[in-house]
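The structure appears right after this line, and notes come after that.
The values are calculated or read from the model by the stated rules, or taken from the named source; none is laboratory data. None of these values were measured; they are calculated from a predicted model. Counting neighbours? That spans all protein chains shown, and the Cβs are built from the backbone with ideal geometry, glycine included.
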Amino acid sequence: MKKPCLFAIAAALALPALAEEKDQSSPAAQYKQISTEFERAQREFAETYQSTPEAERKNLKYPEVGPYSKKMIVLAEKEPKSSTAADALIWAVRHSYYDQSVGPQAIALLKEHHIDNEKLGDACQILAYNNSKENRDFLNTVVEKNPHDKVKGAASLALGQMLASENPTEAEKHLNAVIEKYGSKNQKESAKGQRFEMHNLAIGKVAPEIEGEDVDGKKFKLSDYRGKVVVIDFWGDW
């Protein structure tokens, strides 16, 4: 009787270890590992950069995101409809600003399997920096089919920013949708800022009034120099 009891105890003690081992190979664990590896590479680069003499810093190479994004896509393709696949594809899109080679593939998979995902806002925001037909189509599809207001707001805001110079009329329509319909507070403020810029700061618009003091302490207005060539240099020191 003792041997079966001992065997049962040993088996019970082994179960957590087996579960942990199995968990390490799960899609969620693999996603975490890939993202952690990239974060570690970034952290190590920052530490090396800080400890390297300024004259030698130009020789340092920032860690490439491409290999990590490709791993995310491979992971997503194993179970493309899973929540982990959505997370992996969104990660790849969010980092496609630095490596656009994997963006279209990730966008296509998101559009096919996860167009209603509540986390798509993170992916939509980054697409404003890449005005491609694929990205515009994806954002328009998000606006049409995603049920979450914050995601719709992110997609419409990205379209408004993306089209501001190319098609101001269409851009304003998207910005107005953010302001009047479904944008979050921050999204509404960003849309208002973009709309103000289109109306007041675009080439050919009259510059808004600026008042200040020159280096001698003399007060002036920008309008005092109307009709003259003026160079305005905005700068800050943080």
- Considering each of Thr141, Thr84 in turn, give the residue that is at pLDDT 95 or above, of a type in the set (Val, Ile, Thr) and farther than 24 Å from Ser35 by Cα. Thr141
- Note on the structure: The correct count of residues that are of a type in the set (A, V, I, L, M, F, W, C), buried (at least 16 other Cβ atoms within 10 Å of the Cβ) and farther than 20 Å from Ile126 by Cα in segment 71-91 is 1
- Task: Could you tell me whether Ala128 is within 29 Å of Ala41 (Cα to Cα) and not assigned by TED's automatic domain parsing to the domain that holds Thr52?
- Result: yes
- Across segment 91-125, the tally of residues that are over 18 Å from Leu159 (Cβ atoms) and of a type in the set (A, V, I, L, M) stands at 5
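Yes/no per residue for (1) among the β-branched types (Val, Ile, Thr); (2) closer than 19 Å to Ala86 by Cα:
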{"position": "Lys119", "(1), (2)": "no, yes"}
{"position": "Cys124", "(1), (2)": "no, yes"}
{"position": "Leu127", "(1), (2)": "no, yes"}
{"position": "Glu134", "(1), (2)": "no, yes"}
{"position": "Asn140", "(1), (2)": "no, yes"}
{"position": "Asn167", "(1), (2)": "no, no"}
{"position": "His174", "(1), (2)": "no, no"}
{"position": "His199", "(1), (2)": "no, no"}
{"position": "Ile203", "(1), (2)": "yes, no"}
- Note on the structure: Filtering segment 136-156 down to residues that are buried (at least 19 other Cβ atoms within 10 Å of the Cβ) and either more than 15 Å from His174 (Cα to Cα) or among the β-branched types (Val, Ile, Thr) (or both) yields Val142, Val143, Asn146, Val151
